[in-house]
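No lab work stands behind these numbers, since they all come straight from the coordinates. It should be emphasised that the depicted structure is a prediction, and the values quoted were computed from it without experimental measurement. We place every Cβ from the backbone using ideal geometry, glycine too, and count neighbours over all the protein chains shown.
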Amino acid sequence: MDKELLVKYILGELSDDEKTSVLEWILESDDNQKEFSRLKSSWAFSNATNNHSISDIDKELNRYRQNISNNKKVIRFNFRNVLKYAAILIITFTLGITANQYVFNPNNDEATTNTLFVPPGQSATLTLSDGTRVWINSGSKLTYPSHFEKDKREVALTGEAYFDVVHNKEKPFRVATNSIDIQVLGTSFNVEAYKRDNFISTTLVEGKVELRSKSDKLITPLKPGQNAKYDRETNSMTISNIDTKLYTSWRNGRITFKDERIEDIARKLERWYNVRISIENEELKDQLYTGTILRFKPIDQILEVLRITGNIQYNLDMQQDRKSQIQLYKSKPM
């Protein structure tokens, strides 16, 4: 595909027929999607101005892909060997960055279990059978039924996800993690429960949340604007009044850190970019950092932000066939 034609598509300067030609080319192969994703990312973070926003491009591609799937009744899978499915699933990628999954209930009444794994470096959105929306972060796994039973709505999460739950007072919605469960009727909240972390973090944006033990004993309720951090090692809970944007802005591609440890930031960067990061100085691990980054910027630009604003140096070894290696170390005093 002529790169000039792709640029014109990003700028919104193509006719409908030309747009269709570009969209067909993008969907022909994974390589085409990756090439367009790189071009779009480069354009998004340049100083160029255009009328065709990146979010508009993503939505347009999704609509086109969905129309193809609906018209041809095609089941399309772009995750490889990570989905165990029994319902009819249509999984589509937004330029290799965000996946949208639409679930259609089978005609029978028996619910089947589906598992969606989001690899490092990716994120996904999912609409459950009751209309609940789920944003799933990198390196996360969500297990859910093809349709909910009459008296309950339950999913299981390993990793991080943001839930916008459809209200149903007769049927509570429950998120199971490996240590505690979160139960709601209808609300918006964020859950972070990665296996590598020794905590489970729940942030309530609106509505009401109840944190419960695995034996269904109430641990504590949460109010909007509160975060509950459960320590797996000490079996203790800390509740704080917080700015919810610090915990939920990841789903919109903008990450804000406030007095966060460099070691914790490095762990998040590993998930988001599918890289390996080592920290050469022990004292650097506990250094606190405050700042905002755009999550889908290239990793080298993120590292430059940390270097300029956090007094942190780095070495970046880019690899084609395996994870890129990054070393972080403190800047030497002038």
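In percent, rounded to a whole number, the relative contact order of segment 180-334 is 15, using alpha-carbon pairs under 8 Å and six or more apart. Past the 19 Å Cα-Cα mark, which pairs from Lys195/Lys297; Lys195/Lys229; Lys229/Lys330? Table pairs above 19 Å Cα-Cα are Lys195/Lys297; Lys229/Lys330. In a reduced charge model with +1 at each Lys and Arg Cβ and -1 at each Asp and Glu Cβ, segment 134-174 shows a dipole moment near 100 debye about its Cα centre.
A protection proxy built from the mean count of other Cβ atoms within 10 Å ranks the segments 220-231, 306-317, most packed first, as 220-231, 306-317.
In the frame of its principal axes, segment 253-330 has Cα extents of 35, 29, 19 Å, reported largest first. Classify segment 180-239 as rounded, prolate or oblate, taking a ≥ b ≥ c as the square roots of the eigenvalues of its Cα gyration tensor: rounded when a/c is under 1.5, otherwise prolate if a/b is larger than b/c and oblate if not. Prolate.
Computed about its Cα centre, the charge dipole of segment 194-334 is approximately 460 debye, with only Lys, Arg, Asp and Glu carrying charge at their Cβ. Most tightly packed first, judged by the mean number of other beta-carbon atoms within 10 Å of their residues, the peptides 284-293, 209-218, 242-251 read 242-251, 284-293, 209-218.
Net charge within 12 Å of Lys268 by Cβ-Cβ distance, Lys/Arg positive one each and Asp/Glu negative one each, not counting Lys268 itself?
Working: positive: Arg196, Arg261, Arg267, Arg271, Arg295; negative: Glu160, Glu192, Asp197, Glu260, Glu263, Asp264, Glu270.
Once positives and negatives cancel, what remains is -2.
Compute the signed sum of charges (Lys and Arg +1, Asp and Glu -1) over the other residues within less than 10 Å, Cβ to Cβ, of Asp151. Please list the in-between numbers first.
Numbers: positive: Lys150, Lys152, Arg153, Lys171; negative: Glu149, Glu170.
Around Asp151, the charge tally is +2.
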